[in-house]
Amino acid sequence: MAGRDGRVRARGDGPARARDPAGPLHLSYFTILSNLLVAGVSLESARDPERDGPRWRVVRLATVASITVTGLVHWFFLRPILDLEGGSYVVDKLLHVVVPVLALGAWVVAGPRGQAVRSAVLPSLGWPLLWGAYTLVRGLVTHWWPYPFIDADALGWGRVLVNLAAIAVLFAVVGSAFVAADRALGRRAQAPTA
């Protein structure tokens, strides 16, 4: 997400934000963590397609919801303000568009059905809430923020907390939508064909 000088460029007259002092793959980027979750869950699902259980259902729902929210937040809030070029542009599209679309498509096609359950929605929110808490504490210490909508130095704490609450609601809505879609896809798979 950086121009040639290593700074994130926002379209318009706004200032460039400095890169994360820990490097471009720092764990403060929710995008990186969501993509790692997709990779880990995909590998485990390939290794053991029958894996199930209450904890695994929470992990799977958190993963598919996280990568979906990653794509949505990027598309509607971050993409319009980014001015990327070269390798940064390619990586941005892979992490924010290609992986979310492929992960969603794989979930729709391969399931497995019956694992997205209502009881997993609330626990699956623990993961983004932990990320938010970590990022806020780290930002207090470093004054570096991975995304403009949680930049407490620029926006103030009230606005940042409202933004994070809105994202938590988005996670709950997306998780609930996956539960409903899982049921619908499960019914369709079980319906007799004429």
Being in contact (Cβ under 8 Å) with a residue 12 or more places away in the chain, touching a Gly at 6+ places or on another chain (Cβ under 8 Å), open to solvent by 60 Å² or more (accessible area, probe 1.4 Å) and not aromatic (Phe, Trp, Tyr), is that true of even one residue in segment 112-127? yes
Test Ala154 against the stated conditions and say whether it is among the aliphatic types (A, V, I, L, M), without any contact (Cβ under 8 Å) to a residue 12 or more places away in the chain and surrounded by 12 or more Cβ atoms within 10 Å (Cβ to Cβ). yes
For helices (runs of 4 or more DSSP H) lying entirely in segment 80-162, having 3 or more residues that are aliphatic (A, V, I, L, M) picks out 99-110, 126-142, 152-155
For His74, only one of the following conditions fails: (1) surrounded by fewer than 12 Cβ atoms within 10 Å (Cβ to Cβ); (2) in contact with a His (Cβ under 8 Å, 6 or more places away or on another chain). What is its number? (1)
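The values are calculated or read from the model by the stated rules, or taken from the named source; none is laboratory data. In this text the structure is predicted, and so the values were computed from the model without any measurement. Heads up, the Cβs are rebuilt from the backbone with ideal geometry, glycines too, and the neighbour counts pull from every protein chain shown. Remember, those area values only see protein heavy atoms, side chains included, never the ligands or the DNA or RNA. Shrake-Rupley method; radii C 1.70, N 1.55, O 1.52, S 1.80 Å.
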